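Right, one structure below, let's go through it.
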Amino acid sequence: MDHFCITPRCSYCRFDFATSENTTILRSDGRSITLPFSKLEYDNCTYEPCYPGCCHWDERLHGYHVDCIQHGNYQSAPGLFDATSYAYDPWPGENVRRHRWMLDRLTSMIYRSLSPRLPFELCGIIARYCVREYALSITRSFCRDNSASDFHIDLTQPVWARYASLDGLAYIVSLTNKPTLDDAVPLPQPDVPVQIIYAAEDHLGVREVHFAGSSDKVQHHPRPGLWWRTVRVHGPKLKGHTDGSKLRRLLCPFAEHALGDNVLWATPQPDPQQLRLTMLMVPSAPLRMASLEIGQGVTGYSFCWNNCIVALKPHSDKGDFSYYKHVMLRHPHALWLYVPFRPHERIVEIWQRRRKHGREVALIVVTNIDRIYVMGAYPRPSWHPCSYELLYKDNHDRDSFFIDQSPAGIHAVASRPPSRGTKAHRIPIALSPYPESMSFEDFLYTAASVEDVAYVRLCRAESSSIITGLVFGYTDGHEESVGQTRLDRLEAHIMIDTSQKMWLRVSRSIYGLPQVVDMGFSPTSKSIEGYIYITWHGCLEWWFSLNQCKLYHNSQASLSTRR
């Protein structure tokens, strides 16, 4: 049986498919079929939505909205798919930005045509039904009939750029030493020979180019969806590759290929070759590296796990939780671990734990108060010993630690090589035994003291009463978490009366998987199956996987996990 992947967005209007939305799929043999956008079998073939990091099975097929196929003649623009194909998945907010831009622009166009007969608000309602058609019109008018091609420019001569706008963003169409059109714009060049070229690009092409000498610094703040490529100059010639409508890539024709050539950065990096790039997984697209916030102002981190390290998000007092939604769109079954920091606590070391597979890789964080956090699955008893490598060490010179921001997960990290001679820190060892588990099921391990607790906050699963984790607040003001915790799902503070024991009730789901379903307080401890009583001394250990959990407190243990 053939197994095909379907692009997650319409290849014509470039808006995502909705779940179970009818989708027209064009096969390489010339046939077209219309199916709901979900995994199903048809004519002895399996069709499945493509996901970040997908290996594309037998072949990746293009899908289209049924109405886009009906409204647009995609065969009339031969360069359309070259110009609108994505080099990699865009940043999560791109669909929202693009839709909002089109809606605002279309609403204004309708209002100018129909005012004062229709109010502006009604024009906006009408525009909502026309966004896809407007997107088709923009795409057709932007895409040129030219086919993909290469060009060369001389860096010892002045360079002009031509720009074109697509979906509200300006892209470079071409670079030349001899402008022939009035819309060509001269690019600033340094007083010294060009040694470095910084090219800012997104998933559709190059948007900015800056020429610099070896000592020149180009500073830009990170912008969502915009990534910088560093091109080292070797000789006077520069090669550019276009898709027929805009510039896609700049490269030096005489430079030797290096591992870092396919790495993009959130800000211009003059010397990326001085950074040590550590691969955690095999990437399926260009690495997109952004600096991890480590210094003052960080109140904690949220770590996302989905059989690999998906995301590591620093927190501040601003309280923006939109990243949870963005990550869960791509990883709906991911696990989250919240690590609150104490005032003035900061990361001083980051280690890598590695064995064979991505699910066995973990990042181990050491802070300046000697607290250690394992961001990854706890080693299974069947694993052979893992190796540990120091990736980052704080030496007070503001060195950055970069992590990959690809939607499929953190494929790599980068930093300046730390000094040798650093001794490996002890890895936190669980006090309780590893839970019984199903095949290929990994558990994350958390533990927290239950002494001097002032309040507790529950974290529940979405659209469910299941308690996935707890955040304890202590009398000295700091917090610790156990279980799976997300800041956007934490409930209000529950103040603690230490004369009352807190109980957690663990019950089995219809599949026999233990989950925490309720909590409360009682002055006495009753020996009831499924109940764990917190007696406000010792610690609470909480193992959790995607499907089940196991709790230990002093001599108590919750229901056994399923194997």
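Taking chymotrypsin sites (Phe, Trp or Tyr not before Pro) across region 204-283, the ones in a DSSP loop with at most 13 further Cβ atoms lying within 10 angstrom of their Cβ are F254.
Distance between the pseudo-spin-label points of E462 and I369 (7 Å out from Cα toward the beta carbon): 3.3 nm. Extents of the chain, taken as max minus min of Cα coordinates on every principal axis and listed largest first, are 86, 59, 56 Å. In percent, rounded to a whole number, the relative contact order of region 394-513 is 16, using alpha-carbon pairs under 8 Å and six or more apart. Would you mind classifying region 101-251 by shape? Square roots of the alpha carbon gyration tensor eigenvalues, ordered a ≥ b ≥ c; an a/c under 1.5 is rounded, otherwise it is prolate if a/b is larger than b/c and oblate if not. It is prolate, given that a/c is not under 1.5 and a/b is the larger ratio.
Here the relative contact order of the chain, from alpha carbon pairs under 8 Å that lie six or more residues apart, stands at 9 percent. Under a 5 Å amide H cut-off, with hydrogens placed 1.01 Å from N, G63 pairs with T7, S11 among residues at least 5 apart or on other chains.
Taken along the Cα-to-beta-carbon direction at a fixed 7 Å, the label points for L431 and S147 span 7.1 nm. Rg over Rh for region 430-489 works out to 1.03, using Cα positions for both radii and the Kirkwood form for Rh. Where in the chain lies the longest segment free of GluC sites (Glu not before Pro) that are both loop residues by DSSP (not H, G, I, E, B) and have at most 15 other Cβ atoms within 10 Å? With GluC sites (Glu not before Pro) excluded where exposed in loops, the chain gives 22-255 as its longest stretch. Taking each residue as 0.36 nm, the span from L26 to R508 lengthens on full extension beyond its C-alpha to C-alpha distance by 169.0 nm. For the pair S137 and H333, a Förster radius of 51 Å applied to the C-beta separation gives a FRET efficiency near 0.85, rounded to the nearest 0.05. Using C-alpha pairs under 8 Å with a sequence gap of at least 6, the mean separation divided by the residue count of region 214-360 gives a relative contact order of 19 percent.
Between H203 and Q274, full extension at 0.36 nm per residue minus the direct alpha carbon distance yields a gain of 22.9 nm. Among the aspartates and glutamates, which have Cα under 16 Å from the Cα of K526 when same-chain residues fewer than 8 positions away are ignored? Output for K526: D518.
Per residue, the chain reaches -3500 deg cm²/dmol at 222 nm when only DSSP H runs of four or more residues are counted, each adding -39500 (n - 2.57). Residue by residue, region 470-483 carries 3J(HN,Hα) couplings of 9, 10, 9, x, 10, 5, 8, x, 8, 10, 9, 10, 9, x Hz when phi is fed to the Karplus relation 6.51 cos²θ - 1.76 cosθ + 1.60 (θ = phi - 60°); x denotes Gly or Pro.
Assuming R0 = 25 Å, can you tell me the calculated FRET efficiency for the pair L187 and M109, based on Cβ-Cβ distance, to the nearest 0.05? FRET efficiency, L187 to M109: 0.15.
Rule-based calculations on the coordinates, nothing more; no lab input. For clarity, every value in this text was computed on a predicted model and none was experimentally measured. Note that we place each Cβ from the backbone using ideal geometry, even for glycine, and neighbour counts take in every protein chain shown.
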